[in-house]
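**Student:** Here it is, the structure in full.
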Amino acid sequence: MKIDAIILRELHLPLVRPFETSFGVTANRRIVLAEVRSEGLTGWGECTAGEHPFFSAESTDSAWAVIVSELGPMLAASTPEHGGDCQKIFRLVRGNPMARATLENAIWDLEAQREGISLSQLLGGVRDKIPCGVSLGIQASIPELMAIIERELAAGYQRIKLKCKPGWDLEVFEKVRSRWPGIMLSCDANSAYRLRDADHLVEFDAFDLLMIEQPLWHDDFYYHSMLQKRLETPICLDESIRNRRDALAAIEMESCKIINIKLGRVGGFSEAIAVHNAAQERGIPVWCGGMLESGIGRAHNIALSALENFSLPGDVSASARYWREDIVEPEIEVTSAGEIVIPDSPGRGYEVKTDLVERLTVRKEEIRALELVG
Ligand code: OSB
Ligand code: MG
């Protein structure tokens, strides 16, 4: 397909409620969107980088710079036939997976539209609906957290994930478990612990957690494998898994028993499918993580979650939990059974509200192919 235009923009979107993790609080999202036009069709991609390089090395500003000066011109100068061609187009660029995913995912979206099939079908999805969980940030108090859990369970969500850190862990699990003994409960430390905390982490085993996500360093496999030997609770890796090779290393070293797949973190749909397949072949279940996405990234997460080995509820939940008004229509909704029905219309299946996107845009740049100057 001939690339006619790549339009990059930054949007400001305030969250309905601030979201607190062990590395900080997010109240306002600065979201980068890519709009790729080709042969009368428009594909959209969303950058999941945070405002600061705290979850990973990328940030809104670093991704913007890399897309504008490196990836955008490379894509504009190429003629990809498939989303999967982007890995080759971007092969000279090291790292920067969230920046790469922004453009690659837009090409997959375009390809699905061109083929007249849904994005989930193009990816090889087998489900028509996905099981949903929620990720609950650190709260000011335990009673406040309890009220939120009550509301999310009443809405139908199948799994509750609690963000945790030293000082917001055992007492919280104790209170939640005694009130709801049977719910699917997990926790996510975002690297808040060290190996010297192993005795403390062993105490998590008392609460029948589905998993503990990324307890140790963001870039580690080895110490997680040492820790997993001491824990009954399965470790799930998020930050550590950047690609298929990482997944294979982690599985072989027994650093984890479950993998969280995030499109941005692994660099887009091609690598996400590769991680999914590697895990499936080795009997390791996966689920789709969230990065406080707007409707575009959320639509992509829904399509990805249709793949067979996404057998555990993910963090992909309703638009209204994040935004007063989402930038897609229909907004993403969750049924009372805690499921999202995967759209079967061509492409991502959710229309972008272009007027709203335009109003929320704070900067915009059109990227053209680099022309050789004589
Ligand atoms: O580790 O899963 C994470 C949000 C920002 C950074 C990291 C993480 C998260 C979430 C949010 O857990 C999940 C969501 O989008 O609801
Ligand atoms: Mg996580």
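The values are calculated or read from the model by the stated rules, or taken from the named source; none is laboratory data. Predicted model, so just to flag it, every value in this text is computed and none were measured. Every residue, glycine as well, gets a Cβ built from its backbone with ideal geometry; the counts of neighbours run over all protein chains shown.
**Student:** For the range 255-306, how many residues are in a helix (DSSP H, G or I) and within 14 Å of ligand 1 (Cβ to nearest atom)?
**Tutor:** Here the count works out to 13.
**Student:** Do you know which of the residues in the range 139-197 that are of a type in the set (S, T, N, Q) and either within 16 Å of ligand 2 (Cβ to nearest atom) or under 17 Å from V334 (Cα atoms) (or both) is surrounded by the most Cβ atoms within 10 Å (Cβ to Cβ)?
**Tutor:** Result: S186.
**Student:** Right, another one. Please verify whether T42 is more than 16 Å from ligand 2 (Cβ to nearest atom), part of a strand (DSSP E or B) and closer than 23 Å to A272 by Cα, treating the condition exactly as stated.
**Tutor:** yes
**Student:** Please name all residue pairs, on different chains or six or more residues apart, with Cβ atoms under 6 Å, provided the first residue is in the range 326-352 and is closer than 21 Å to S38 by Cα and the second residue is aromatic (F, W, Y) and crowded, with 20+ Cβ neighbours inside 10 Å.
**Tutor:** If the second residue must be aromatic (F, W, Y) and crowded, with 20+ Cβ neighbours inside 10 Å, the pairs left are V328/Y350; V352/W44.
**Student:** Here's a check for you: in the range 312-324, which residue that is out of contact with any Lys or Arg (no Cβ under 8 Å at 6 or more places or on another chain) and part of a loop (DSSP other than H, G, I, E, B) is nearest to ligand 2 (Cβ to nearest atom)?
**Tutor:** The selected residue is S317.
**Student:** Take A34 and decide whether it is of a type in the set (G, A, S) and touching a Gly at 6+ places or on another chain (Cβ under 8 Å).
**Tutor:** Yes, satisfied.
**Student:** Outside any loop (DSSP other than H, G, I, E, B), of a type in the set (S, T, N, Q) and assigned by TED's automatic domain parsing to the domain that holds L153: does that describe N309?
**Tutor:** When the stated conditions are applied, N309 does not pass them.
**Student:** Of the numbered conditions (1) touching a residue at least 40 places away in the same chain (Cβ under 8 Å); (2) surrounded by fewer than 24 Cβ atoms within 10 Å (Cβ to Cβ); (3) more than 14 Å from ligand 2 (Cβ to nearest atom); (4) under 17 Å from the mean Cα position of the chain (by Cα), I258 fails exactly one; give the number of that condition.
**Tutor:** If we test I258 against (1) touching a residue at least 40 places away in the same chain (Cβ under 8 Å); (2) surrounded by fewer than 24 Cβ atoms within 10 Å (Cβ to Cβ); (3) more than 14 Å from ligand 2 (Cβ to nearest atom); (4) under 17 Å from the mean Cα position of the chain (by Cα), just (3) comes out false.
**Student:** May I ask you to list the residues in the range 204-230 that are within 13 Å of ligand 2 (Cβ to nearest atom) and either modelled with pLDDT under 95 or under 26 Å from W180 (Cα atoms) (or both)?
**Tutor:** M211, I212, E213, Q214, P215
**Student:** Please specify each residue of the range 339-366 satisfying the condition of being under 24 Å from Y157 (Cβ atoms) and touching an Asp or Glu at 6+ places or on another chain (Cβ under 9 Å).
**Tutor:** If the condition is that a residue be under 24 Å from Y157 (Cβ atoms) and touching an Asp or Glu at 6+ places or on another chain (Cβ under 9 Å), then I340, V341, I342, D344, R348, Y350 are the ones that fit.
**Student:** Something else about it: Here are I327, I302, I332: which of them is over 17 Å from the mean Cα position of the chain (by Cα), surrounded by 21 or more Cβ atoms within 10 Å (Cβ to Cβ) and on the phi < 0 side of the Ramachandran plot?
**Tutor:** I327
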